[in-house]
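Inspection log for the structure reproduced underneath, given as structure tokens.
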Amino acid sequence: GDVGEEGGYPASFVNVVRATLAKLAEKEASIGAIAVLRRLALLHTTDVPLALFSSKQDLQHIARLRRHSLLSGGVGKVVRMHALTQLVLRKCLMEGYKREGLAAVLESLGRVMAPFDSSDTDSYRVGRQYAFHANAALSHVDWPISEFPGGPVAALAAALLGNKAGDYFAGVVCLFPDASDKEIRAAWTKVYEGMAAVCSGLGEADKSLEFFQKSLDLNDNVEDAELQQATTYTNMAIVFDTQGKYDKAVEYNEKCLGVLLRELGPNDLRVAKTRGMFLAIWQSIRKRWK
């Protein structure tokens, strides 16, 4: 079909989705169905558990969306959205709903993920499916988590997601008992990096630094360990800078620069960016003491 101006998607397909939503919106009761559809667009496309939509009204909306072919049933108590439909909703038809919808999604995920225990194989198998949706939802976060509608409640849900997603990722030992110790430790390295990022977004600087340090302690288990170490040093320098601990920010930026010079040489772009970080730290100092 012809390509429209909206995200490069076929204009005919975008118009079909628009027309379907308009038809739904003709009835006041269907406004909630559109909200549910937009929430689904923020999750992974495949096998979204209906437990994320626990109210009777939400389930009625999902049934209505199925009748309009905007959703399909998966196996068991799950629902699916076509990937192209989801992309069109995200790029063209979210219409300012993203923040509100994302806050609702995070709170729903936090509620259903809380009971699962990654140390228990059966519980891990059940909870693992939610980690994919948690990661998909968190990938849409492009503003400080503290600014979510709902304030502390939404922020708490986001923190829970960061930790629980890490639990499930580390739970690979439950599903794959033959995984080597190095593979498991490498997985934990990525988990700690993710947890540190979530804590940083929540303004929990000390907790963020704690997780970054745990990642460094396991760093020798990952591919391109030296470059990953440099990235972690940079992230820690940024956190120290936000805390006003400029001596530590300079120290960790110097550590990053040393690794990059050794691994990439003086002409690499990452080396130039790291040198530029010293200027950013100096500007922070000047701003603080003006």
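The values are calculated or read from the model by the stated rules, or taken from the named source; none is laboratory data. Please read all numbers here as calculations on a predicted model, not as lab measurements. Cβ atoms come from the backbone with ideal geometry, glycine included; neighbour counts cover every protein chain shown. Surface areas here come from the heavy atoms of the whole protein model, side chains and all, with no ligands, DNA or RNA. Shrake-Rupley method; radii C 1.70, N 1.55, O 1.52, S 1.80 Å.
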*Student exercise, region 49-101 dipole from Lys, Arg, Asp, Glu Cβ charges, in Debye to nearest 20*: 100
*Shape call, region 213-289: gyration tensor on alpha carbons, a/c limit 1.5*: oblate
*What do you reckon, how do 82, 68, 61 stack up by accessible area (1.4 Å probe), largest on top?*
82, 68, 61
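For 189, 234, what's the largest-to-smallest order of accessible area, 1.4 Å probe?
If we order 189, 234 from most to least accessible, we get 234, 189.
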*Once the whole set of protein chains is in place, how much accessible area is left on residue 53, using a 1.4 Å probe, in Å² to the nearest 10?*
0
*Gain in span if fully extended, residue 213 to residue 129, counting 0.36 nm per residue against the direct Cα distance*: 27.4 nm
*Too long at a 28 Å Cα-Cα cut-off: which of 56/190; 248/287; 91/287; 182/207; 214/273?*
56/190; 91/287
_Just to make sure I understand: if all protein chains stay in place, what is the order of 183, 210 by accessible area at 1.4 Å, largest first?_
183, 210
_Computed label-point distance, nm, for sites residue 139 and residue 183 using a 7 Å Cα→Cβ extension_ = 2.3
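Taking 45 Å as R0, compute the FRET efficiency from the Cβ-Cβ separation of residue 251 and residue 99 and round it to 0.05.
Plugging the Cβ-Cβ distance into 1/(1 + (r/R0)^6) gives 0.75.
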*Given 0.36 nm per residue, what is the gain on full extension from residue 287 to residue 269 after removing their alpha carbon distance, in nm?*
3.8 nm
_residue 55-residue 223 pseudo-label distance in nm [points 7 Å out on the Cα-to-Cβ vector]_ = 4.5
*Quick one: Debye curve from the alpha-carbon atoms of region 183-255 only, equal weights, vacuum; give me log10 I(q)/I(0) at q = 0.21, 0.22, 0.23 Å⁻¹ to two decimals.*
-0.83, -0.89, -0.96
_Net charge around residue 73, counting only other residues with Cβ within less than 14 Å of its Cβ (Lys, Arg = +1; Asp, Glu = -1)?_
+4
